[in-house]
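Notes to accompany the following structure.
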Amino acid sequence: MAAKIKKGDRVVVLTGKDKGRTGSVLKVLPTENRVLVQGVNMVQRHTRPSQADPQGGIKNKEASLHLSNVAIADANGKATRVGFKIDGDKKVRIAKTTGDVI
């Protein structure tokens, strides 16, 4: 089945502490049904110094969100569901609210 949300898509958070915030998808974890959204669901992690990060300390990073808690943002910035349409010989994603190709 084709993915409804892909890396680089602009999404709106539907529930939780960041409800209403938008961001672009950094990573999709299809086996876990989760996504990482830039600047949303930030958590603090205490990291030990390593060769890659000699300083260590408390770092802010994005935690994953469940796919059901995010929706694609349409051209107006509102949450929309995703539909599929055959356009010529390609299958494309369309926004249900506006009918535009995503």
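The values are calculated or read from the model by the stated rules, or taken from the named source; none is laboratory data. Treat the numbers as computed from the prediction; the structure is a model and nothing was measured. With ideal geometry, Cβ positions are generated from the backbone for all residues, glycine too; neighbour counts draw on all protein chains shown. Only protein heavy atoms, including side chains, enter the accessible area calculation; ligands, DNA and RNA are left aside. Shrake-Rupley method; radii C 1.70, N 1.55, O 1.52, S 1.80 Å.
Does region 88-100 include one or more residues that are of a type in the set (A, V, I, L, M) and open to solvent by 50 Å² or more (accessible area, probe 1.4 Å)? No: region 88-100 contains no residue that is of a type in the set (A, V, I, L, M) and open to solvent by 50 Å² or more (accessible area, probe 1.4 Å). For region 30-74, the candidate set comprises residues that are farther than 19 Å from Arg10 by Cβ and among the hydroxyl-bearing types (Ser, Thr, Tyr); within that set, the residue that is farthest from the chain's Cα centre (by Cα) is Ser50.
Of all residues in region 67-79, none satisfies being touching a Phe, Trp or Tyr at 6+ places or on another chain (Cβ under 7 Å) and open to solvent by less than 90 Å² (accessible area, probe 1.4 Å). Of the strands (runs of 3 or more DSSP E) lying entirely inside the chain, those carrying at least 2 residues that are small (Gly, Ala, Ser) are 22-29, 70-73. Residue count for region 13-27, restricted to those that are surrounded by 13 or more Cβ atoms within 10 Å (Cβ to Cβ) and not aliphatic (A, V, I, L, M): 6. Only residues that are among the small types (Gly, Ala, Ser) and at pLDDT below 90 were counted across region 89-102, and they come to 1.
Would it be correct to say that Gly39 is touching a residue at least 12 places away in the same chain (Cβ under 8 Å), surrounded by 11 or more Cβ atoms within 10 Å (Cβ to Cβ) and under 20 Å from Arg81 (Cα atoms)?
It is false that Gly39 is touching a residue at least 12 places away in the same chain (Cβ under 8 Å), surrounded by 11 or more Cβ atoms within 10 Å (Cβ to Cβ) and under 20 Å from Arg81 (Cα atoms).
Does Thr47 fit the bill of being closer than 28 Å to Val101 by Cα, surrounded by 11 or more Cβ atoms within 10 Å (Cβ to Cβ) and not small (Gly, Ala, Ser)? No.
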